1. Is it true that residue 135 is at pLDDT below 85 and either over 20 Å from the mean Cα position of the chain (by Cα) or under 22 Å from residue 165 (Cα atoms) (or both)?
2. When you scan segment 152-193, how many residues do you find that are under 17 Å from residue 117 (Cα atoms), surrounded by 11 or more Cβ atoms within 10 Å (Cβ to Cβ) and free of Cβ contacts under 8 Å to residues at least 40 places away in the same chain?
3. Anything in segment 77-91 that is in contact with a helix residue (DSSP H, G or I) (Cβ under 6 Å, 6 or more places away or on another chain), closer than 20 Å to residue 58 by Cα and surrounded by 16 or more Cβ atoms within 10 Å (Cβ to Cβ)? List them, or say none.
4. Scanning for something in contact with a helix residue (DSSP H, G or I) (Cβ under 7 Å, 6 or more places away or on another chain), outside any loop (DSSP other than H, G, I, E, B) and at pLDDT below 85, does segment 42-65 turn up at least one residue?
């Protein structure tokens, strides 16, 4: 029935709904709910020996939202904050509520900065990142990448022009910096010879 602004009352006949729709209203009666045994409060039935779990040690200060006074009893420590990206994330947690867009935008910025830091850190290793094999560029030619980008109604078509900049940008920037540094070293060496 279409919506009208006039006041109307729509009485639902539950018996008719049960007859027409198999399984309708099965959870109205608590005896029919599969989770009812779990909904009963039986402190001795769980086997727990504490009212609040023992807290995990916090070796270094962890980020937490300003809405929360303390960390939960157990938290992840697999990716500690570091570098400029860590400072951005700490600022997002210390300054803005989780309900603010600024909080999430700063966390996204922290992720992007962390990606650049990781790329730069890879140059100090024996096996630096390989943009050709690790970005999936080769699959563009092997797995119908071109036709899937232009002959369909993909949602990401509006920002596809950004992909080469985001992926190749750090590499090009690093190459320019290395070339400039090498040119400076060569000029100094040539200046000392004369």
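The values are calculated or read from the model by the stated rules, or taken from the named source; none is laboratory data. Since the structure is predicted, the reported quantities are computational estimates derived from the model, not experimental observations. Cβ: placed from backbone, ideal geometry, glycine included. Neighbour counts: every protein chain shown.
1. Here the answer is yes, as residue 135 does meet what is asked.
2. The number of residues fulfilling the criteria is 9.
3. Across segment 77-91, the qualifying residues are 81, 89.
4. Scanning segment 42-65, I find no residue that is in contact with a helix residue (DSSP H, G or I) (Cβ under 7 Å, 6 or more places away or on another chain), outside any loop (DSSP other than H, G, I, E, B) and at pLDDT below 85, so the answer is no.
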